[in-house]
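*Asks:* Below you will find the structure I want to go over with you.
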Amino acid sequence: MRDFSSDHRFLSINTATVRKQGDFVAIVEACARHGIRAVSPWRDQVAHVGLDRAVKAVRDAGLDLSGYCRGGMFTADAAHRQQARDDNRRAVDEAKALSAPCLVLVVGGLPQYSRPGSAPSRDLAAAQAMVEEEIAALLDYAKSANMPLAVEPLHPMYAADRACVNSTRQALDICDRIDPAGSGVIGVAIDTYHVWWDFELFDQIRRAGRKRLLAFHVCDWLVPTRDLLLDRGMMGDGVIDLPKARATVEAEGFGGYVEVEIFSEDWWARPMDEVLATCIERFRTVV
């Protein structure tokens, strides 16, 4: 297991962590000031400043990416399905332009929530089948762009509206069915906030192995959690055993950036420099 106590060279900041404090360019500049070497941008933040400007900002700051957020939201009715496919191809193209190591996929839930305007449905099994079909279709395009796809299982509380893939086993089953040879172009993003509860987590990480472990995200689960989306905790403030999770992915050969991703009204209300400094301190002492 890598020793993070004396530096933060393997720290990445998911730009959602400070999305309220500045635009993407400001976030990149702040990370560079703090000696943070990588970011993981969100598409809306990139769109706000423009893709060309975002690419230039990352290049000028000398930063890497640990991922690009997000593709997915695959589920849609027939009238909106092509829209979803076109949008995901654009996401692959953007990730490629930014030199991201992977495109993170949040797969979507029931169609009416994933693609607004879609006809309402309660058929979760149909949504799950559509997700797998659409990832398989996108995989061919991703392979042509040499852009790995990282399926991110989300906590079951998001099954209806954000992701009907809710465990690492479920995500890996999809990967194995559509890419049985293990091409390295599809795998999983392990976000501790979403999967820490899963009794199979560590066995499934070992099942994934290095080839399927494409991204590793950290934050913490607060007790009580006041908001299901916007009350994630800073590492060390909650109940997740982050060192055990990191030790397990690293035992399988994962040596990439550890990405801090915190959706929190509390942390969004604080100055960006304070948030980034706290991320660095907790990265060295807690993660």
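*Asks:* Among the residues of the stretch 204-237, count how many are aliphatic (A, V, I, L, M) and within 26 Å of residue 252 (Cα to Cα). Steps first, please.
*Replies:* So the first thing to find is which residues in the stretch 204-237 are aliphatic (A, V, I, L, M), and the list is 205, 208, 213-215, 218, 222-223, 228-230, 234-235.
Narrowing further to those that are within 26 Å of residue 252 (Cα to Cα): 205, 208, 213-215, 218, 234-235.
The number of residues fulfilling the criteria is 8.
*Asks:* Taking the criterion of being within 16 Å of the chain's Cα centre (by Cα), surrounded by fewer than 20 Cβ atoms within 10 Å (Cβ to Cβ), under 19 Å from residue 20 (Cβ atoms) and of a type outside the set (Val, Ile, Thr), would at least one residue in the stretch 264-279 satisfy it?
*Replies:* Scanning the stretch 264-279, I find no residue that is within 16 Å of the chain's Cα centre (by Cα), surrounded by fewer than 20 Cβ atoms within 10 Å (Cβ to Cβ), under 19 Å from residue 20 (Cβ atoms) and of a type outside the set (Val, Ile, Thr), so the answer is no.
*Asks:* Search the stretch 58-67 for residues being within 21 Å of the chain's Cα centre (by Cα) and of a type in the set (Gly, Ala, Ser), and hand back the single one that is farthest from residue 91 (Cα to Cα).
*Replies:* Ranking the candidates gives 66 first.
*Asks:* Mind listing whichever residues of the stretch 116-146 are over 23 Å from residue 94 (Cβ atoms) and of a type in the set (Lys, Arg)?
*Replies:* 122
*Asks:* If you don't mind, another one. Among the helices (runs of 4 or more DSSP H) confined wholly to the stretch 64-150, which include 2 or more residues that are in contact with a Leu (Cβ under 8 Å, 6 or more places away or on another chain)?
*Replies:* Fully inside the stretch 64-150 and qualifying: 81-97, 124-145.
*Asks:* Which one is surrounded by the fewest Cβ atoms within 10 Å (Cβ to Cβ) among residues in the stretch 171-210 that are free of Cβ contacts under 8 Å to residues at least 40 places away in the same chain and part of a helix (DSSP H, G or I)?
*Replies:* Here the residue is 203.
*Asks:* Here's something else I'd like to know. Find the helices (runs of 4 or more DSSP H) located wholly in the stretch 226-287 whose residues include 2 or more that are touching a strand residue (DSSP E or B) at 6+ places or on another chain (Cβ under 8 Å), within 22 Å of residue 212 (Cβ to Cβ) and in contact (Cβ under 8 Å) with a residue 24 or more places away in the chain, and list them.
*Replies:* 242-251
*Asks:* Scan the stretch 207-254 residue by residue and report those that are among the small types (Gly, Ala, Ser) and out of contact with any Leu (no Cβ under 9 Å at 6 or more places or on another chain).
*Replies:* Matches in the stretch 207-254: 209, 215, 247, 251.
*Asks:* Moving on to the next point. If I ask for residues that are within 12 Å of residue 260 (Cβ to Cβ) and either exposed (fewer than 15 other Cβ atoms within 10 Å of the Cβ) or under 15 Å from the mean Cα position of the chain (by Cα) (or both), which ones from the stretch 19-54 would you list?
*Replies:* 38, 39, 40
*Asks:* Could you list, in sequence order, the residues of the stretch 151-163 that are hydrophobic (A, V, I, L, M, F, W, C), outside any loop (DSSP other than H, G, I, E, B) and under 20 Å from residue 121 (Cα atoms)?
*Replies:* 157, 163
*Asks:* Still on this structure, please answer the following. Would you say residue 119 is closer than 21 Å to residue 153 by Cα, exposed (fewer than 14 other Cβ atoms within 10 Å of the Cβ) and of a type in the set (Gly, Ala, Ser)?
*Replies:* For residue 119, the condition - closer than 21 Å to residue 153 by Cα, exposed (fewer than 14 other Cβ atoms within 10 Å of the Cβ) and of a type in the set (Gly, Ala, Ser) - is not met.
*Asks:* Checking residue 213 against (1) touching a residue at least 24 places away in the same chain (Cβ under 8 Å); (2) surrounded by fewer than 17 Cβ atoms within 10 Å (Cβ to Cβ), which single condition isn't satisfied?
*Replies:* Unmet for residue 213, out of (1) touching a residue at least 24 places away in the same chain (Cβ under 8 Å); (2) surrounded by fewer than 17 Cβ atoms within 10 Å (Cβ to Cβ): (2).
*Asks:* If you don't mind, another one. I'm checking my understanding of the structure. Among residues of the stretch 220-249 that are surrounded by fewer than 18 Cβ atoms within 10 Å (Cβ to Cβ) and either within 18 Å of residue 200 (Cα to Cα) or among the basic types (Lys, Arg) (or both), which one is farthest from the chain's Cα centre (by Cα)?
*Replies:* Per the criteria, the residue is 226.
Laboratory data are not the source of any read-out in this text; all were calculated from the coordinates shown. Bear in mind that the values here come from a model prediction, so they are computed numbers and not experimental data. Please note: Cβ atoms are built from the backbone with ideal geometry, for glycine as well, and neighbour counts cover all protein chains shown.
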